[in-house]
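Chemist: Just passing along the structure, written as structure tokens.
What follows draws every value from the coordinates through simple rules; no lab data is involved. Just so it is clear, the model here is predicted, and its values are computed rather than measured. Ideal geometry is used to build each Cβ from the backbone, glycine not excepted, and the neighbour counts take in all protein chains shown.
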Amino acid sequence: MGKDFLNFLNNSKKIQTPQDANFNIFASYSTKDIEKIEPILNNLLQIQGVRIFFADADLKPGDIISQKITLNIIASDIFLVFYSEFAQQSSYVQQEIGVALGQNKIIIPLLLDKAKPTGMIANVHYLDLSDEQKRLSEFTRLYNFIVNNKQTKDRNQLLGGLALLGIGILVLAANQNVYEDDEDY
């Protein structure tokens, strides 16, 4: 990766998952690519309310790996697959892609090298982080896409909460009318 881009990305903290996050991202990757993807994930964590499942940081001793990974894919709003020659050869990455497809997740392949998505995600539009000329604009597209999806989720949750509040008020008002009618007898 280009030095300017890495310097831009490295100005952030190590991967730490915020406790109050309500927008979940699953990161699928080959462990051989960790040094390339950590700075990207660190920058995405600057988006308030975003939580990223990153197996190397989130798996605890004694966790049942396949269960924890599957549950986090199911809970994710977006599935990022850091695609590379190493990821292409990783059976874990391929299995995670299969679970994400089965759960109808938004899948975003992020190219780390010349390897292009094949098989189940061959037709999924990717962002090319391997091209030094495009890297910053592609990262910006990813960042903005996540921000927009998080804002939409927040708005929908707020509207859902307001709808429930309105229903609750109607039920209380209806119950109040029933009690007032009972007092007339």
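Chemist: For segment 55-66, what does the Karplus curve 6.51 cos²θ - 1.76 cosθ + 1.60, with θ = phi - 60°, yield as ³J(HN,Hα) per residue in whole Hz, taken in order and with x for Gly and Pro?
Modeler: 3, 4, 9, 9, 6, 10, x, x, 4, 7, 3, 4
Chemist: What residues qualify as long-range amide H neighbours of Ile106, i.e. H under 5 Å apart, gap of 5 or more or another chain, H built at 1.01 Å from N?
Modeler: Amide H to amide H, under 5 Å and 5 or more residues apart or across chains, Ile106 pairs with Phe79.
Chemist: Using θ = phi - 60° and the Karplus curve 6.51 cos²θ - 1.76 cosθ + 1.60, what whole-Hz ³J(HN,Hα) does each residue of segment 93-104 get, with Gly and Pro shown as x?
Modeler: Once θ is set to phi - 60°, the couplings for segment 93-104 become 4, 5, 5, 4, 4, x, 5, 4, 5, x, 9, 6 Hz.
Chemist: At what distance in nm do the modelled label points of Leu164 and Leu71 sit from each other, each positioned 7 Å from its Cα along Cα→Cβ?
Modeler: 2.2 nm
Chemist: For segment 3-155, what ratio Rg/Rh do Cα atoms give with a Kirkwood hydrodynamic radius?
Modeler: Ratio value, two decimals: 0.93.
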